[in-house]
Each structure stands twice: as structure tokens, then as C-alpha cells.
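Visitor: Dropping the structure in here first, questions after.
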Amino acid sequence: MRIGPYQLKNNLIVAPMAGITDRPFRELCRRLGAGLAVSEMMSSNPQVWSTDKSRNRMVHLDESGLRSVQIAGADPEWMAQAAQFNVENGAQIIDINMGCPAKKVNKRLAGSALLQYPELVEEIIQAVVGAVDVPVTLKFRTGWDPDNRNGVEIAKIAERNGIVSLALHGRTRACMYKGDAEYDTIRAVKQAVSIPVVANGDITSPQKAKQVLDYTGADAVMIGRAAQGRPWIFREIDHYLQTGEHLPEPPIEEVRSILMEHVVQLHQFYGEPMGARIARKHVSWYLQAHDNEGQFRRVFNAIEASEAQITALENYFETLEKERDR
């Protein structure tokens, strides 16, 4: 998989997810097998760039790996300025968001709402591509609703205006995340353009990744929700695509090591009290397969201090180990 001048180590990409694909999560996913991790969406509105949330999302200069930053907005000039600003702060790839289905984004005519207005789509792409000297990619959905799937039209607009790679989620905006993703539109887009196409949506296992790649002819897959609490899914898929064999599930000792590392990194990155609050959702995802009744997660979610979270997790895993050895 290639994006402009950049050759990825494989064809597995971490989807940008607001509030999730922060720097600690991106670094972890790359270490566990992802070829690229795209940053969480950043607003193109310069009035919000000075907030703590935006500042955390703008830290790219000394990040390891290839740095792809996603921007969102509906004003071509603001989008161009946001692209320039992020390149100045270390972005090596700019990704345009036309896929987010959230109401608070769509009511500003950003995200997937833009798919209703192909002319505005073209203006935004032209403005961003013209504003920076780095590759520009586009993430979008198959259309606004099932009766208005215009993914092929959007893809052609993107290609002729300088977009170097496309990531397509196999749902419309109206579908949100309900039902099953469909891959016919992704297949049609791949046949309609010559630039790389990345398939996204419901890719939850190594077998599913191979099925989607084979069916759509896509150049890569993008994985979002399936990596929450399971960042090792990237090495599992990579191994399966290369060998046709399944890696065993990681032992509980490794899950413990990865989880503890992730939590400590969140604490360090965000500080108190935000680090502890953000760690809660990640811990919940990691432990779904182990804390079946959710008893520990309920206790953990009431802990406010970082050190107390670490102690609670250490005690939890020690108890698991004792129960296993009985």
C-alpha cells in the first residue's frame, strides 16, 4: 500500500476515531502491526485550536511512524488553513473527513453531510490539495442514504482533483453504524478509479479482512471499532494475510502488559484528572472477554486517581492469575 511517496509496511490502517485514536493508541496500534494510524478528527475552525482537546490532537512532530492527520469542516478556506497548520505541526499526510455521521458534525455541514453537495466537495478538495505539499487523502461514506449512494461520483471528483488515496466506509450517513456494511459500492469505486482504495466497515477478524480485500479488490483495509480493546488485531490480520494461518489469542499475561502500558501512557499524555477518565473506556473494552459480569469495570469506573487505577488493575490481574492456578 502506497500513499503518495510513502510506502506502508503493510495494508492495515487504523481508522480515525474521535476520542479514541489519540497519540497513545496510535503508537500502540503501530507497534502491534498497523501500517498506518490516522489521527482523530480535528476541526478546521481556528477558534477551537487553542482548546486543550485540540492541543492534544495537534502533537505530531516527534511521533513515531507516518503521521496522518484528519481535518473536518465545510468551509474550503478554513479547511485549507487547517491543512497548512497541521503540516507546520508535523503532519505528513492530510486526511479530509467526509465520513463522520455524528449529528453535531453534520449540522455544521461537515463530515458525511458534505456528500449531499458534490460541488462543495470539489471546492474543499481543491482548496486543501492546493494549500499543502503533502499527500491528501479522503475518507467518506457510500452516500447520504441508501437511495442516494454517490460514492463513485465522489471518488471520481476526488481523483481528478489530486486526492492520492480513498478510504470508504461501506455504509451511508443515514445507516450510521446500524446493519451490515456493504462492499458493492467499495468494489465499484475501486473499478472506477486508479488511485488506492481502502475498505472500511465491519472488518472484525482476519478472515473478514481477506474476504473484503478479495471481494472489493481494495488495496488495504481500515479497522476502527474492532481494534478497541484489541489492538493486536492488526498483527493477527497481517499474519493471516501472509500465511493463511491464525495466531493464537494473546495470553492473559500479554493482555495485562499491553493494557497496563496503554493506561500508563494515557495518564502521562493527558495528566490528571483527564488521563484517568479516558482510561476507563479503554479498560472496559480490554476486559470485556474477562470481566463477564462487568463487576470490576463498575468499580474501576468510579476511581478518579491514576495511581489508584494502576493498583486496582494490578490487583485484578493477580486475582485472575490465582483463580486460573487453582
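Visitor: Against the definition (within 18 Å of residue 227 (Cβ to Cβ), small (Gly, Ala, Ser) and not in a helix (DSSP H, G or I)), how does residue 289 come out, yes or no?
Guide: yes
Visitor: Here's another thing I want to ask about it. When residue 100 is evaluated against the numbered criteria (1) in contact with a Leu (Cβ under 9 Å, 6 or more places away or on another chain); (2) at pLDDT below 95; (3) not polar (S, T, N, Q), which criterion, by number, is the only one it fails?
Guide: (1)
Visitor: What is the one condition in (1) more than 20 Å from residue 227 (Cβ to Cβ); (2) touching a Phe, Trp or Tyr at 6+ places or on another chain (Cβ under 8 Å); (3) modelled with pLDDT under 95; (4) not polar (S, T, N, Q) that residue 312 does not satisfy?
Guide: (3)
Visitor: Now for a separate question. Enumerate the pairs (first residue in region 38-50 and part of a helix (DSSP H, G or I) and of a type in the set (Val, Ile, Thr); second residue anywhere and at pLDDT below 85 and surrounded by fewer than 21 Cβ atoms within 10 Å (Cβ to Cβ)) with beta-carbon separation below 8 Å, excluding pairs fewer than 6 apart on the same chain, so at least 6 apart or on different chains.
Guide: 48/54
Visitor: What is the one condition in (1) at pLDDT below 90; (2) in a helix (DSSP H, G or I); (3) of a type in the set (S, T, N, Q); (4) open to solvent by 50 Å² or more (accessible area, probe 1.4 Å) that residue 54 does not satisfy?
Guide: (4)
Visitor: Restricting to region 27-39, what's the tally of residues that are open to solvent by 10 Å² or more (accessible area, probe 1.4 Å) and either under 21 Å from residue 137 (Cα atoms) or of a type in the set (Asp, Glu) (or both)?
Guide: Of the residues in that region, 3 qualify.
Visitor: What are the residues in region 129-156 that are over 22 Å from residue 13 (Cβ atoms) and of a type in the set (A, V, I, L, M), if any?
Guide: Passing the criteria: only 131.
Visitor: Looking at 265, 309, which is the one that is among the polar types (S, T, N, Q), buried (at least 17 other Cβ atoms within 10 Å of the Cβ), in a helix (DSSP H, G or I) and free of Cβ contacts under 8 Å to residues at least 60 places away in the same chain?
Guide: From the options 265, 309, the qualifying one is 309.
The values are calculated or read from the model by the stated rules, or taken from the named source; none is laboratory data. Note that the structure is a prediction, hence the values are computed from the model and not measured. Neighbour counts run over all protein chains shown; Cβ positions are idealised from the backbone, glycine included. Protein only, heavy atoms only, side chains kept; ligands, DNA and RNA dropped before computing areas. Shrake-Rupley method; radii C 1.70, N 1.55, O 1.52, S 1.80 Å.
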